[in-house]
Amino acid sequence: MSGTSEPECIFCRIVRGEIPARKVYEDNEMLAFHDINPVAPMHFMVIPKRHITSLGEAAAEDAGVLGRMLAMTGRLAREQGSPEGFRTIVNTGHIGRQDVMHVHIHVIGGPDQLPHMVPRA
Ligand code: AMP
Ligand code: ZN
């Protein structure tokens with residue numbers, strides 16, 4: 001389920017300004033900032049300001065902001081230097097290896113083509 005702000009959540013703390021972040025975009029309901037440990041030349045993430053734990057917990061009431069976050073990725077990727085495409089990843093829960101339990105869309109790209117998504121066995 002979704003709440004408003006979680007005291008100990010690292011991304012809620014970024015939203016509240018308690019932890020610094022290199023911001024890419026902000027409006028009343030979402031925030032985008034560079035990943036502290038980028039895996040490609042462009043790597044930022046988009047989060048809702050309101051605490052939503054994961055896609056696994058998302059409910060119908062979260063659909064609007066989640067959709068608007070996705071719809072913002074193309075514009076932000078163009079602005080951040082990956083105009084010819086990019087990859088979005090939403091790691092979810094234990095199986096998806098989600099480390100930060102505040103839903104986030106990774107937006108990854110750069111001048112060069114990315115490796116294939118999940119290596120085939
Ligand atoms: P995930 O495994 O999808 O939960 O990814 C969490 C991501 O958050 C990782 O890529 C981290 O590098 C990133 N991260 C953790 N703490 C911070 C922070 N304070 N500022 C920016 N990115 C962070
Ligand atoms: Zn949070």
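How much space per residue, in cubic angstrom, does the convex hull of the C-alpha atoms of segment 9-69 take up?
Convex hull of Cα atoms, per residue: 98 Å³.
If Lys and Arg each add +1 and Asp and Glu each add -1, what is the summed charge of the other residues whose beta carbon sits under 12 Å from the beta carbon of I105?
Net local charge, I105 excluded: +1.
How large is ³J(HN,Hα) for each residue in segment 98-114, as worked out from phi by the Karplus curve 6.51 cos²θ - 1.76 cosθ + 1.60 (θ = phi - 60°), to whole Hz, x for Gly and Pro?
So the J values, rounded to whole Hz, are 6, 8, 9, 8, 9, 3, 8, 9, 6, 10, 10, x, x, x, 9, 5, 7.
Quick one: Kirkwood hydrodynamic radius for the chain, alpha-carbon pairs, angstrom, one decimal?
For the chain, the Kirkwood estimate is 14.8 Å.
Given the Cα-Cα distance of A59 and I19 and 0.36 nm per residue of separation, how much length would full extension add, in nm?
Computed gain between A59 and I19 is 11.6 nm.
Taking the Cβ of each residue in K49, K23 as the centre, tally the other Cβ atoms inside 10 Å and list the residues starting with the fewest.
Ranked by crowding around the Cβ, least crowded first: K23, K49.
How far is helix 63-79 tilted off the main Cα axis of the chain, in degrees rounded to 10, range 0 to 90?
Between helix and principal axis, roughly 40 degrees.
Sort all Cα-Cα distances of segment 3-43 into consecutive 10 angstrom bins from zero, then give the percent of pairs in each bin up to the one containing the longest distance.
26, 53, 20, 1
At 222 nm, what helix-only mean residue ellipticity would the chain give, in deg cm²/dmol to the nearest 500, using -39500 (n - 2.57) for each DSSP H run of four or more?
Calculated at 222 nm, the ellipticity per residue is -6000 deg cm²/dmol.
Per residue and in cubic angstrom, what volume does the convex hull of the Cα atoms of segment 72-121 have?
Once divided by residue count, the hull of segment 72-121 is 89 Å³.
Mind checking the full-extension length gain between I89 and A71? Use 0.36 nm per residue of separation minus the Cα-Cα distance, one decimal, nm.
Taking 0.36 nm per residue and subtracting the Cα distance, the gain is 5.1 nm.
To check my understanding: the extent here is largest minus smallest coordinate of the Cα atoms along each principal axis. What are those three numbers for segment 51-100, in Å, largest first?
Extents along the principal axes: 31, 25, 14 Å.
Since every read-out is calculated from the coordinates, none of them should be taken as a lab result. It should be emphasised that the depicted structure is a prediction, and the values quoted were computed from it without experimental measurement. For neighbour counting, all protein chains shown are included, and Cβ atoms are generated from backbone atoms with ideal geometry for every residue, glycine included.
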